[in-house]
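Please treat every number below as a calculation from the coordinates, not as lab data. Note that the structure is predicted; figures quoted are calculated from it, not measured. Because the Cβ atoms are built from the backbone with ideal geometry, glycine has one as well, and the counts that use them run over all protein chains shown.
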Amino acid sequence: MIVVAEGEKIKIRPISLEDVPQFVKWWNDGELMASVGFSRGLGVTEAKLYDDFSEEISDPSSLRERRRYVVLDKVNDLPIGELVYGQLDLAENKCRIGIKICELSYQGKGFGKDALVTFILFLFNHFDLQKIEIDTLADNLRAYSLYKKVGFRETKKESKFWQDPDGIWHDVIFMEMEKPEFQY
């Protein structure tokens with residue numbers, strides 16, 4: 001198993017094709033996905049995700065514009081969540097990230113903060129980035145609070161930015177962090 005970064009409670013490794021059933025389970029869980037606006041889950045299939053993961057895994061470029069990772073509980077190596085970077089822009093030395101602790105029993109216990117801090121350190125060092133961007137639905141107060149805690153600052157709040165599959169409009173908060181602002 002290739003581990004790209006390790007925190008106090010977690011390890012981070014690249015996705016593998018063996019992760020597809022786990023991601024399908026997570027992404028189709030309405031209770032889990034409600035905090036990101038999908039109260040009925042994403043409705044993904046194993047075949048679709050297998051194709052997506054295959055394409056990403058087969059791309060050997062270390063400068064790929066987007067990559068997904070699995071968060072593991074350091075004690076037992078069980079997958080507990082996901083991380084992603086995207087919009088990698090090495091000319092501007094920045095990217096956008098996403099995080100989700102997907103095993104509900106691990107939420108609220110410090111695993112998310114450890115995963116976020118560890119991932120940010122990895123990205124700053126691996127790509128020599130100077131800025132990381134993230135966003136959250138305005139009503140996802142847990143995510144917003146965590147992002148502020150590690151040094152993200154709000155740059156913009158867009159009212160009625162996105163309409164979920166149930167027809168509900170959501171405000172979105174955009175945040176960013178320059179490397180010197182990082183608090184870990």
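When GluC sites (Glu not before Pro) are flagged only if DSSP places them in a loop and at most 13 other Cβ atoms lie within 10 Å, the longest unflagged stretch of the chain comes out as 93-184. A simple spin-label model places pseudo-atoms 7 Å from Cα toward Cβ; at Lys156 and Ser39 they are separated by 2.8 nm. Tell me the relative contact order for region 5-135 as a rounded percent, counting alpha carbon contacts under 8 Å between residues six or more apart. Taking the mean separation of contacting Cα pairs over the length of region 5-135, I get 24 percent.
Relative to the Cα centre, the charge distribution of region 5-135, modelled as +1 at Lys and Arg Cβ and -1 at Asp and Glu Cβ, gives a dipole magnitude of about 320 debye. Estimated purely from DSSP H runs of n ≥ 4, each contributing -39500 (n - 2.57), the mean residue ellipticity at 222 nm for the chain is -8000 deg cm²/dmol once divided by its residues.
Computed on the Cα atoms alone, the convex hull of the chain gives a volume of 117 cubic angstrom per residue.
Amide H contacts of Ala5: Ile12, each under 5 Å away and 5 or more positions distant or on a separate chain (H built 1.01 Å from N in the peptide plane; Pro and chain starts excluded).
Checked against a 30 Å cut-off, the cross-linked pairs Lys48/Lys131; Lys131/Lys157; Lys48/Lys157; Lys74/Lys157; Lys25/Lys131; Lys48/Lys100 give Cα-Cα distances beyond that limit for Lys48/Lys131; Lys48/Lys157; Lys74/Lys157; Lys25/Lys131.
With the Kirkwood sum run over all distinct C-alpha pairs, region 115-168 has a hydrodynamic radius of 13.0 Å. Anything in the chain that counts as a DSSP H helix reaching 15 Å or more along its axis (C-alpha) with Kyte-Doolittle mean of at least 0.0? List them, would you? Correct list, ordered by number: 111-127.
Neighbour counts of other Cβ atoms within 10 Å put Met1, Met177 in the fewest-to-most order Met1, Met177.
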